[in-house]
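*Asks:* Starting off with a structure, shown below.
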Amino acid sequence: IPIISLGTFFFLISGLLNLMIYQEKKTLQIMYISIIAAFLNIAFNFLLIPKLGMYGAAYATLISFFLMFIIEYEYAKKCYFVPFNWNMIFILSSLLIFVYFIGNIISHFSFTIGIIFKIVLCMLFISVVYFKYKYQIIKMVLRK
């Protein structure tokens, strides 16, 4: 599941890049990129499933979504590009990965303690993000 989740992360960020490309009315290019990613996924499935089984399918999906993200990112830079704050993305992603690994280590000791620990860490994470970006969140909510 973590491998598929990481692939989904890249797929969802690609959705943001799609919006940048849509602004330039270049939807045909998005179709071409999606077709390329689909063929890459099929090719990687043929290569990896015989060797790795279900993990091969997960890695094939991750690789194809990552490559789709890279292609769309490079193409979006030529369109209506809104830059990403890579430092913030890296910090938040690192924190989530850390929480994931610590949660897995603790769950091996006790299921109940592991669940409680994960809930507390998730609530702590949400609280930190909320208090750091409180005014931006309030502005977004009040605009609607």
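The values are calculated or read from the model by the stated rules, or taken from the named source; none is laboratory data. Bear in mind the structure is a predicted one, so any value in this text is a computation, not a measurement. For neighbour counting, all protein chains shown are included, and Cβ atoms are generated from backbone atoms with ideal geometry for every residue, glycine included. The accessibility values were calculated without ligands, DNA or RNA, using every heavy atom of the protein model including side chains. Shrake-Rupley method; radii C 1.70, N 1.55, O 1.52, S 1.80 Å.
*Asks:* Does any residue of region 117-132 turn out to be basic (Lys, Arg), in contact with a helix residue (DSSP H, G or I) (Cβ under 8 Å, 6 or more places away or on another chain) and over 18 Å from residue 11 (Cβ atoms)?
*Replies:* The answer is yes, given that some residue of region 117-132 is basic (Lys, Arg), in contact with a helix residue (DSSP H, G or I) (Cβ under 8 Å, 6 or more places away or on another chain) and over 18 Å from residue 11 (Cβ atoms).
*Asks:* Give me the residue from region 23-33 that is part of a helix (DSSP H, G or I) and open to solvent by 100 Å² or more (accessible area, probe 1.4 Å) and, out of that set, modelled with the lowest pLDDT.
*Replies:* Checked region 23-33; the qualifying residue modelled with the lowest pLDDT is 23.
*Asks:* Of all the helices (runs of 4 or more DSSP H) wholly in region 80-144, which have at least 2 residues that are of a type outside the set (Lys, Arg), within 26 Å of residue 21 (Cα to Cα) and open to solvent by 70 Å² or more (accessible area, probe 1.4 Å)?
*Replies:* Once the helices (runs of 4 or more DSSP H) in region 80-144 are filtered for at least 2 residues that are of a type outside the set (Lys, Arg), within 26 Å of residue 21 (Cα to Cα) and open to solvent by 70 Å² or more (accessible area, probe 1.4 Å), what remains is 86-107, 134-143.
*Asks:* Which members of region 34-57 meet the condition of being open to solvent by less than 60 Å² (accessible area, probe 1.4 Å) and either more than 18 Å from the chain's Cα centre (by Cα) or small (Gly, Ala, Ser) (or both)?
*Replies:* Matches in region 34-57: 34, 37, 38, 40, 43, 44, 45, 48, 53, 56, 57.
*Asks:* A further question on this structure: Quick one: residue 56 ticks every box in (1) out of contact with any helix residue (DSSP H, G or I) (no Cβ under 7 Å at 6 or more places or on another chain); (2) at negative phi bar one, so which box is it?
*Replies:* Checking residue 56 against (1) out of contact with any helix residue (DSSP H, G or I) (no Cβ under 7 Å at 6 or more places or on another chain); (2) at negative phi, the one that fails is (1).
*Asks:* Another question about this same structure. Quick check, is residue 20 at pLDDT 90 or above and open to solvent by less than 30 Å² (accessible area, probe 1.4 Å)?
*Replies:* Answer is no for this residue.
*Asks:* If the Cβ limit is 7 Å and pairs must be 6+ apart or interchain, which residue in region 89-113 that is in contact (Cβ under 8 Å) with a residue 24 or more places away in the chain and closer than 19 Å to residue 130 by Cα pairs with which residue that is surrounded by 11 or more Cβ atoms within 10 Å (Cβ to Cβ) and not acidic (Asp, Glu)?
*Replies:* Within 7 Å, the pairs are 95/125; 99/121; 99/125.
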